[in-house]
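To start, the structure itself, in C-alpha cells.
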Amino acid sequence: MSLRLDVVTIFPEYLEPLRHALLGKAIEQGILSVGVHNLRDWAPGVHQAVDDSPYGGGPGMVMKPDVWGPALDEVATLKVEQSLTSAVPHLDNVRHDQKLGLAEESSYAAAEVPSLSEEDSAKPLLIVPTPAGEPFTQQMAQEFSHEEHIVFACGRYEGIDQRVIDDAANRYRVREVSIGDYVLIGGEVAVLVIAESVVRLIPGVLGNRKSHEEDSFSDGLLEGPSYTKPREWRGLEVPDVLLSGNHALVERWRRDQSLIRTAERRPDLLADVDLSVRDQEIIQEVIGEATEENC
Ligand code: 6GU
C-alpha cells in the first residue's frame with residue numbers, strides 16, 4: 001500500500017511541511033510520495049497570469065481555466081509506480097517538479113491529453129479545498145487513506161473558474177472539501193490538514209495501529225484527558241483510578257470522561273453514538289449540572 005500526493009499551487013514553498021517530520025518519515029519508508037507543482041509553470045507569456053477579473057463583475061480575481069486545465073491534465077497522468085522506482089522517492093519528486101517546470105511542457109494540445117479509459121476507480125482523486133466544499137471529516141480521512149493517487153488543486157483569491165472543476169470530472173473523481181466554517185486565504189493550509197489526517201491512517205505510518213482506533217471521533221466521541229508522571233505536579237494529582245491497576249475500572253472511567261467531555265463541548269456528536277443505559281446516565285448528570293449552573 002502506498003499513496004502518491006500531488007499538489008498544484010502558486011505557493012509551492014507553503015507545502016514544504018509535507019516533507020517534514022511524520023510525513024517525511026512515511027516518504028522515507030516508501031509509503032508516501034509527494035509532488036508539489038507550481039501552477040505558474042503552466043501559465044503562458046511573460047506575465048504568467050494565473051487569474052483574471054470575474055465575469056459579472058464584483059471584487060477579487062478568479063483563477064483562469066486555461067492555466068488550471070493543462071496543469072491538472074498533466075498531473076493526473078503522473079504514474080503512481082513512477083514515484084516508487086527511486087530509492088529516495090522525495091528527492092526523485094523534487095526532480096519531477098523541475099521537469100514539470102519546463103516552459104515547453106506548459107504548451108498544451110487537447111488531442112494529446114491521455115484520458116483514462118479504465119473504470120471510475122482507476123481515476124485519481126482530485127480534492128479542491130474550498131470553504132464552499134463539503135465538510136471534511138475523520139470518515140473522509142479514512143476513505144482517502146485507501147487511495148493510490150490524490151491530487152490537490154489549491155485555489156487562491158475568489159476561487160477557480162468552475163469549468164475547471166466540471167471538466168476535471170472527465171479525468172478525476174472530484175471532491176470539493178472544506179476544513180471548517182471559517183475562511184482561509186487559500187487552500188494550502190487545508191491541504192496540509194487533509195494530508196496529515198489521511199497519511200497518519202496508512203498502516204505503518206503511526207506504528208501503533210491501536211492508537212487511531214482510540215482517537216477522538218473514531219468511536220464518535222471526543223478523547224478524555226490523559227496523564228503521565230509525576231504523580232503529583234504543582235499540587236495537582238493524577239486521578240486515583242488510573243493508578244489502581246484495575247483495567248476494567250480504568251476503561252469505564254475513560255469512557256465516562258469521553259462522554260462528559262463530548263456532552264460539554266460537542267453535544268451534537270452524541271446523536272450518532274450508541275449509548276448504553278450507563279452512558280446515558282453519565283450524560284444526564286452533565287446536563288443536570290449545566291442546568292443548575294444556569295439557574
Ligand atoms: Cl478548504 N479553503 C479555504 N480557502 N478556506 C477554507 C477552507 C478551505 N476550509 C475552510 N476555510
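For this structure, a couple of remarks:
- Restricting the first member to the range 272-295 and to residues that are touching a residue at least 40 places away in the same chain (Cβ under 8 Å) and under 23 Å from PHE217 (Cα atoms), and the second to residues that are surrounded by 12 or more Cβ atoms within 10 Å (Cβ to Cβ) and hydrophobic (A, V, I, L, M, F, W, C), the beta-carbon pairs closer than 7 Å and six or more apart or on different chains are VAL273/LEU221.
- The range 12-63, residues that are small (Gly, Ala, Ser), in a loop (DSSP other than H, G, I, E, B) and in contact with a strand residue (DSSP E or B) (Cβ under 8 Å, 6 or more places away or on another chain): SER53
- Hey, VAL183 hydrophobic (A, V, I, L, M, F, W, C), surrounded by fewer than 19 Cβ atoms within 10 Å (Cβ to Cβ) and not in a loop (DSSP other than H, G, I, E, B) or not: no
- Condition check for ALA263: away from the ligand (no atom under 16 Å from the Cβ), buried (at least 16 other Cβ atoms within 10 Å of the Cβ) and in contact (Cβ under 8 Å) with a residue 12 or more places away in the chain: yes
- Among the residues of the range 139-167, those identified as at negative phi, within 16 Å of the ligand (Cβ to nearest atom) and touching a residue at least 60 places away in the same chain (Cβ under 8 Å) are ALA141, ILE150, VAL151, PHE152, ALA153, CYS154, GLY155, ARG156, GLU158, ILE160, ASP161, VAL164.
- Scanning the range 237-253 turns up at least one residue that is at pLDDT 95 or above and either within 14 Å of the ligand (Cβ to nearest atom) or assigned to a strand (DSSP E or B) (or both).
- Residue match in the range 222-242 (condition: touching a residue at least 60 places away in the same chain (Cβ under 8 Å) and under 30 Å from LEU3 (Cα atoms)): no
- Scope the range 168-178; condition within 14 Å of the ligand (Cβ to nearest atom) and polar (S, T, N, Q); matching residues: SER178
The values are calculated or read from the model by the stated rules, or taken from the named source; none is laboratory data. Given the structure is predicted, the values throughout are model-derived calculations rather than measurements. Positions of Cβ are backbone-derived with ideal geometry, glycine not excepted, and every protein chain shown enters the neighbour counts.
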